[in-house]
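Peer 1: Below: one structure in structure tokens.
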Amino acid sequence: MAHQPQRGGGGNDRNRRDNRNAPQADGPDSDIVEKLVHINRVAATVKGGRRFSFAALMVVGDGKGRVGFGHGKAREVPEAIRKATEEAKKTMIRVPLRENRTLHHDGNGRWGAGKIMVRAAPPGTGIIAGGPMRAVLETLGVQDVVGKSTGSSNPYNMIRATFEALKVQSSPRQVASKRGKKVSDLLGRRNDGASSPEAVEG
């Protein structure tokens, strides 16, 4: 009889531990994916000598067309990552995706010495990109894309150049609204032009 309360108490403790470790899906940031792109130790010369701190570069996204980046600096690595993550969540942008898997069109981005190119790709291609550019595209939710960096390999410049290329992405709906036309008119005109003999010969 003395073992019954202990067995029940152990079960309650186990349930509490399971609930504590279970992912919380009710929070506003429950679907945010965070990736650490780069971390660097920096030093500042002060009166008493050199003071070391850490700088972190983070990329966050929801995998559904929203992505942002941020950098933070602190005396400890976890604090630097937290600051960078908070800044990234505040500066998220929305990028229109085609079929929720790739970009609508090709794009080029440049920031300082950083220079990148991104191209839409057919299904099954995957993410052909490396380094900071790959982290941005993965958190954005792109599944098929080809990216190439032709400039500096500095992660800060590459991240900013990638965002410059993503900012100019536009969907047919956005283009139609700017021109005051319907999406069917634009797509129909493009299909007619592509199927015409003059277009094939040209």
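The values are calculated or read from the model by the stated rules, or taken from the named source; none is laboratory data. What you are looking at is a predicted structure, and each value in this text was computed from that prediction instead of being measured. Note: ideal-geometry Cβ built from the backbone for every residue, glycine included; neighbour counts use all protein chains shown. Ligands, DNA and RNA are stripped out before the accessible areas are found, and what is left, the full protein with its side chains, is counted by its heavy atoms. Shrake-Rupley method; radii C 1.70, N 1.55, O 1.52, S 1.80 Å.
Peer 1: Sort 131-140, 162-171, 32-41 for me by packing, meaning the mean count of neighbouring Cβ atoms within 10 Å per residue, highest on top.
Peer 2: Ranked from most to least packed, the peptides come out as 131-140, 162-171, 32-41.
Peer 1: At 0.36 nm per residue, minus the direct Cα-Cα distance, what do residue 152 and residue 92 gain on full extension? Give it in nm, one decimal, please.
Peer 2: 19.2 nm
Peer 1: Can I ask one more? Once you list every other residue whose beta carbon is under 12 Å from the beta carbon of residue 130, what net charge do they have if Lys and Arg are +1 and Asp and Glu are -1?
Peer 2: Taking every Cβ under 12 Å from that of residue 130, the sum is +1.
Peer 1: Then there is this: What part of the accessible area of the stretch 55-177, given as a whole %, is carbon or sulfur when the probe is 1.4 angstrom?
Peer 2: Working: 2840 of 5790 Å².
Looking at the stretch 55-177 in its full context, I get 49 percent from C and S.
Peer 1: Sticking with this structure for a sec: Quote the FRET efficiency, to the nearest 0.05, computed for residue 79 versus residue 33 with a Förster distance R0 of 22 Å and r equal to the Cβ-Cβ distance.
Peer 2: Efficiency for this residue pair is about 0.60.
Peer 1: Leaving out ligands and nucleic acids, note down the accessible area per residue over the stretch 93-168 with a 1.4 angstrom probe, in whole Å².
Peer 2: 47 Å²
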